[in-house]
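Student: Can you keep this structure in mind? I'll have questions shortly.
What follows is calculated from the coordinates using simple rules that are stated; it is not laboratory data. Every value quoted in this text rests on a predicted model; they were computed, and no experiment measured them. Counting neighbours? That spans all protein chains shown, and the Cβs are built from the backbone with ideal geometry, glycine included.
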Amino acid sequence: MTVPKLRAFVLDSSDARRLAEFYRHLLGLEYRPGDEPPAPGTPDEKGQDWLVLLGDDGSWQLSFQQTDKVEPTTWPDAGVPQQMHLDTAVGSVAELDRQHERVLSLGGTLRFDRSDDPVEPLRVYADPDGHTFCVFVG
C-alpha cells in the first residue's frame, strides 16, 4: 500500500518573514532557494505570501503562510487550544537550559516548565505568533 509522505508543516503568520527567521535561527534551517530575505531597502514580496525553510536532508520543510491575523494559543489555559505543536529534542538537561536562553533571546515565550522532571524534562514555548513548541530531552 502506498501512503502519503509528510513533506511540510505549515504555520500561518501575521508576519511570515519574522516567524521564518525565528525558526531559521532556532532550528538552524536554511531557506529554499529564492526565499531568502531581500537586500535591505528592497520590498519583501516573498515574505508577504509564502516562505519555506528546508530540513537538513531536504526530506521535509517548515513553511510559513502570510495571513491577516493569527490568534495566539493560550495553552496551558483552555481558552484557545494549541491544536498542533512542534516537538524538538536535545541530548541533555544542560543543553535544554542552554536552548532555553536561546529561545527567549529569539523572541519565544515560556509557557510551561517541566525541566526538573527526572523521566522527561521539557519546556513548552510560544513562538512570536503564539504557536506552541516543545524542547525536551530525548
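Student: Averaging the inverse of every distinct alpha carbon separation and then flipping it gives the Kirkwood radius. What is it for region 6-138, in angstrom units?
Tutor: Values: mean 1/r = 0.0642 Å⁻¹.
Mean inverse Cα-Cα distance, inverted, gives 15.6 Å.
Student: Can you tell me the orientation of helix 16-27 relative to the chain, as the angle in degrees between its alpha-carbon axis and the longest Cα principal axis, to the nearest 10?
Tutor: With rounding to tens, the tilt is 50 degrees.
Student: Could you work out how far apart the two model spin labels at L27 and D113 are, taking each label as a point 7 Å from the Cα in the direction of the beta carbon, and quote it in nm?
Tutor: The two pseudo-label positions are separated by 2.6 nm.
Student: What chymotrypsin sites (Phe, Trp or Tyr not before Pro) in region 68-138 are in a loop by DSSP, with at most 14 other Cβ atoms within 10 Å of the Cβ?
Tutor: none
Student: Something else about it: Specify the inter-centroid distance of region 21-40 and region 84-126, based on alpha-carbon positions, in whole Å.
Tutor: If we compute the Cα centre of each part, the gap is 22 Å.
Student: Using a Gaussian network model of the chain with C-alpha springs under 10 Å, which one of P33, P128, P118 is most mobile by mean-square fluctuation?
Tutor: Comparing P33, P128, P118 in a Gaussian network model of the chain, the most mobile one is P118.
Student: Using a 10 angstrom cutoff on alpha carbons, build the Gaussian network for the chain and name the most mobile of A126, A94, A39.
Tutor: With Cα springs under 10 Å in the chain, the top fluctuation among A126, A94, A39 is at A39.
Student: Could you work out how far apart the two model spin labels at A78 and E120 are, taking each label as a point 7 Å from the Cα in the direction of the beta carbon, and quote it in nm?
Tutor: Simple spin-label model gives 2.2 nm for this pair.
Student: Taking the mean number of other Cβ atoms within 10 Å as a proxy for protection, how do you rank 97-105, 1-9 from highest to lowest?
Tutor: 97-105, 1-9
Student: For region 96-135, what is Rg from Cα atoms divided by 2.2 N^0.38 Å, rounded to two decimals? Spell out each step's value before the answer.
Tutor: On the way: Rg = 9.8 Å, N = 40, 2.2 N^0.38 = 8.9 Å.
Rg over 2.2 N^0.38 Å, computed on Cα atoms: 1.10.
Student: Using the Cα centre of region 1-58 as the reference point, and only Cβ charges (+1 on K/R, -1 on D/E), how large is the resulting charge dipole? Debye, rounded to the nearest 20. Working shown, then result.
Tutor: Values: 7 positive and 11 negative charges, 37 e Å.
The dipole magnitude comes to about 180 debye.
Student: Moving to a separate point now. Would you kindly state how much longer the chain becomes between L104 and E71 on full extension, computed as 0.36 nm times their sequence separation minus their alpha carbon distance, in nm to one decimal?
Tutor: Full extension of this stretch gives 9.8 nm more.
Student: Still on this structure: Compute the relative contact order of the chain as a whole-number percentage, counting only Cα pairs closer than 8 Å that sit 6 or more residues apart in sequence.
Tutor: Answer for the chain is 24 percent.
Student: Over region 86-137, what is the mean sequence separation of C-alpha contacts under 8 Å (at least six apart), divided by residue count, expressed as relative contact order in percent? Each step should come with its number before you reach the end.
Tutor: Details: 83 pairs, mean separation 22.6, N = 52.
Relative contact order comes out at 43 percent.
Student: Taking 8 Å as the Cα distance limit and 6 or more residues as the minimum spacing, I'd like the relative contact order of region 12-54 as a percentage.
Tutor: For region 12-54, the relative contact order is 51 percent.
Student: Find, to one decimal place in angstroms, the Kirkwood hydrodynamic radius of region 1-84, where the mean of 1/r is taken over every pair of different Cα atoms and then inverted.
Tutor: About 14.2 Å for region 1-84.
Student: Can you show me the helix-derived [θ] at 222 nm for the chain, built from DSSP H runs with n ≥ 4 at -39,500 (n - 2.57) apiece and divided by the number of residues, rounded to the nearest 500.
Tutor: -6000 deg cm²/dmol
Student: Can I ask one more? Restricting things to alpha carbons, find the Rg to Rh ratio for region 59-136 using the Kirkwood radius for Rh.
Tutor: Ratio of gyration radius to Kirkwood radius: 0.99.
Student: Something else: Can you find, among V93, V80, Y31, the residue sitting farthest towards the positive end of the charge dipole of the chain, where Lys and Arg contribute +1 and Asp and Glu -1 at Cβ?
Tutor: Y31
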